[in-house]
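The values are calculated or read from the model by the stated rules, or taken from the named source; none is laboratory data. Keep in mind that what you see is a predicted model, and the values were worked out from it rather than measured. Neighbour counts are summed over all protein chains in view; Cβ atoms, including those assigned to glycine, are modelled from backbone coordinates with ideal geometry. The accessibility values were calculated without ligands, DNA or RNA, using every heavy atom of the protein model including side chains. Shrake-Rupley method; radii C 1.70, N 1.55, O 1.52, S 1.80 Å.
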Amino acid sequence: MPDCFNKPDDIIWRSYRKVPVAKLAYHQRDWVLDRGSLTKRLIQASNGHFKVELSRQTWELPNLDEQLLLKLPTGQHALIREVLLLCHGVVWVKARSVIPKQTLTGPEKQLAYLGERPLGAFLFRSKTMKRGPFQIASFRNKKQKNASARRSVFFLHDKPVLVSEFLMPAVFACSN
């Protein structure tokens, strides 16, 4: 499997008006295309057995495709936050957030100090939050099972945060 966080060349993001079945299986659509809070949905699906595990948080250059999506100047560092979202102790989602320096002002300054608290709870609690369109990608996990990813730019007070979510096969086995 491509390492979701470190090998973006293996993952090709695509935008669709209507996602073809060949690009996203029916059993994955309900999760991948849901525009609500993934955090809230994972908490419900796991009956509260949900945990955020911070893998890494550092200032670095975003990947080129992330820079372009966020319209960042070349060479501008951003806060990169990578987490595992676990349900019943199993990784259901790997997530990577790219938070530009200019976003970390005002109430959004808190984003730098989330630790193991879910970003989704912060985003969906904000009255100013707007979400951009999804981009979708497919990848194979270590067991060579197909999994799907999605990403979108959230705007808080018109300031961007890019959130990429890599949904592992375990999440699709859940009926919620």
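Quick notes on this one:
- A simple charge model with +1 on the Cβ of Lys and Arg, -1 on the Cβ of Asp and Glu and nothing else charged puts the dipole of the range 49-92 at about 120 debye relative to its Cα centre.
- Remark: accessible surface ordering of ASP30, ASP65, ASP158 (largest first) is ASP158, ASP30, ASP65, probe radius 1.4 Å.
- Measuring r between the beta carbons of PHE124 and LYS18 and using R0 = 22 Å, the FRET efficiency lands at 0.30.
- Selection from GLN44, SER152, ILE12 lying farthest towards where the dipole of the chain points positive, charges on Cβ: GLN44
- Dipole moment magnitude, nearest 20 debye, the chain about Cα centre, only Lys, Arg, Asp, Glu C-beta charged: 460
- Per residue accessible area in Å² of the range 71-176, where ligands, DNA and RNA are left out and the probe is 1.4 Å: 46
- Pairwise label distance in nanometres, ARG56 with ARG29, each label 7 Å out on the Cα-Cβ vector: 3.5
- Descending by average beta-carbon neighbour count within 10 Å, the peptides 123-133, 13-23, 89-99 line up as 89-99, 123-133, 13-23, the highest first.
- For the range 34-89: relative contact order, % (alpha-carbon pairs under 8 angstrom, 6 or more apart): 47
- Relative contact order [Cα under 8 Å, 6+ residues apart], the chain, whole percent: 27
- Using just its DSSP H runs of length 4 or more, each adding -39500 (n - 2.57), the chain gives a mean residue ellipticity at 222 nm of -4500 deg cm²/dmol after division by all residues.
- Percent carbon-and-sulfur accessible area, the chain, ignoring ligands, DNA and RNA, probe 1.4 Å: 53
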